[in-house]
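The structure under discussion appears below in the form of structure tokens.
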């Protein structure tokens, strides 16, 4: 696209921003809603700058000593491009940050910019696309989404934008609605799950643990369902009793009041193969759900006359959300041809 200015939305600890700035020499503004992460990203930048200073003159391939500029702020999905930042949450102690798309020409210096969002969570992805569509200063956008279960869907209060569907085409389809469960399943790592099935991984045990825990929670309090509990990342390494002692308090229940050693619990744990089969069916349908969400975003942009494409940019075993939606105000052929050349060079 010829852009040398990038605004990276949802930059987190700034890993992509650092690569674009130090590695490619681009002018990068990194926007992150969590001021703590923005501060951490700045610290990493300074560490890299010090390392570059220490290696200067040693004959190594130089990086550009040009750190990103970090901005703590949130994207306002309802605002036009020139006003797209809200204060960080929680608000920081310093003054409000200057808006990276707030200059006379739609950006700080009047130049055109590229918006990026690497694994933009939930409604952040649709908001980023809407700002691209509204702001002439944004020449192009590259978006890899994630956390589809956090998308806003109908019904919503008047004036609140939907994260899905975005396009008129999908909104007009009968039965286009996607449940929370369907959108959550679309976020899983299918290739990793396949490997666990083939190897009989102990990680599969966690599915049964969660199903049994759900049954116990409902029996104790029928009003508590699908609470999104996260008892730990290594649930498969625990006994069920250990797992339940971590999970029940998260649901507001006392483990001492729940019969964890009953015959009924033992019988449910023996049904692990059925739970895994059920989860596997969900995994098989997940790509269809993700495809619908991504095509909805692509159609939204095409309905407004933009040039766009879905590009499988990453190895899905490395990054399951590997499809990147790229869009521009000019034809993409040149940019995508360059991407193909980079891929060929990387494979050689």
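None of the figures in this text is laboratory data; all of them are computed from the coordinates on show. Source: prediction; values computed, not measured. Note that we place each Cβ from the backbone using ideal geometry, even for glycine, and neighbour counts take in every protein chain shown.
From most to least packed by mean Cβ count within 10 Å, the peptides 133-141, 150-158 give 133-141, 150-158.
Report, to two decimal places, the Cα Rg of segment 190-282 normalised by 2.2 N^0.38 Å (N = number of residues). Dividing the Cα radius of gyration by 2.2 N^0.38 Å gives 1.08. As a proxy for reagent exposure, ranking 44, 318 by other Cβ atoms within 10 Å from fewest up yields 318, 44.
Sorting the segments 270-278, 304-312 by their residues' average number of neighbouring beta-carbon atoms within 10 angstrom, most packed first, yields 304-312, 270-278. By the compact-protein rule of thumb, 2.2 N^0.38 Å, the alpha-carbon radius of gyration of segment 206-255 corresponds to a ratio of 1.01.
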